[in-house]
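The values are calculated or read from the model by the stated rules, or taken from the named source; none is laboratory data. The structure presented is a predicted model; accordingly, all values stated were derived computationally and were not measured. Heads up, the Cβs are rebuilt from the backbone with ideal geometry, glycines too, and the neighbour counts pull from every protein chain shown. With ligands, DNA and RNA removed, areas are computed over all heavy atoms of the protein, side chains included. Shrake-Rupley method; radii C 1.70, N 1.55, O 1.52, S 1.80 Å.
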Amino acid sequence: AEDRRSAATDLGKACHAIWEEFQRDGIMHPTPHTREQLIAYHTLDLLPEPGAARVEGEIWVETEALPILGFIDYFIPDQGAVADKLPDVPSLGHLDGVPLVGDHKTSSNVARYAMDDEDLDNDVQCII
């Protein structure tokens, strides 16, 4: 099999590990100095506070055809129950009784690589 790793995917994985540790354990390097630490540090305000979410795990979705197994970066079953621990992102809102599934992403060029509304409406991972 072809090795599809690159410096960009390695950086993304390193950032992901830092975000995971922060959300799970509340640990963040006090003086970020590596590239991944700097990226992670400057995006913490976009994440739920430590302890607000279930971090890293499986999620099962039942469909008429078959059950689907997915893997999540973080999950909050009821946003309203932890609204005070969520980032202040007006477009998200905080809805009582509505779950929140988070997926960490990094990109070297958001304008070029990020999905737009039409892409998201047709993306299997997003739809499920």
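Quick notes on this one:
- Simple rule: put +1 on each Lys or Arg Cβ and -1 on each Asp or Glu Cβ in the chain, find the dipole, and look at Ala114, Phe71, Gly26; the Cα lying farthest toward the positive end is Gly26.
- With all protein chains modelled, accessible area of Tyr74 [1.4 Å, Å²]: 30 Å²
- The chain: most fluctuating residue of Ile59, Ile72, Ile39 per GNM, C-alpha cutoff 10 Å: Ile59
- Inter-part distance where the stretch 112-127 and the stretch 6-33 are each reduced to a Cα centre, Å: 25 Å
- The dipole here belongs to the chain: it is taken about the Cα centre, uses +1 on the Cβ of Lys and Arg and -1 on the Cβ of Asp and Glu, and is about 540 debye.
- Surface share of carbon and sulfur [accessible, 1.4 angstrom probe, percent] for the chain: 54 percent
- Report note on the peptides 43-51, 29-37: ranked by the mean count of other C-beta atoms within 10 Å, highest first, their order is 43-51, 29-37.
- Heavy atoms of Val110 accessible to a 1.4 Å probe, total area in Å² rounded to 10: 100 Å²
- Residues Glu118, Glu58, Glu64, sorted by accessible area with the largest first, give Glu64, Glu118, Glu58 [1.4 Å probe; ligands and nucleic acids excluded].
- Residues of the chain: accessible area per residue with a 1.4 Å probe, Å²: 72 Å²
- Computing FRET efficiency as 1/(1 + (r/R0)^6) for Ala83 and Leu11, where r is the C-beta to C-beta distance and R0 is 35 Å, gives about 0.65.
- Per-residue ellipticity at 222 nm from helix content only, as computed over the chain with -39500 (n - 2.57) for each DSSP H run of at least four residues, stands at -8500 deg cm²/dmol.
- Radius ratio Rg over Rh of the chain, counting only Cα atoms, Kirkwood formula for Rh: 0.97
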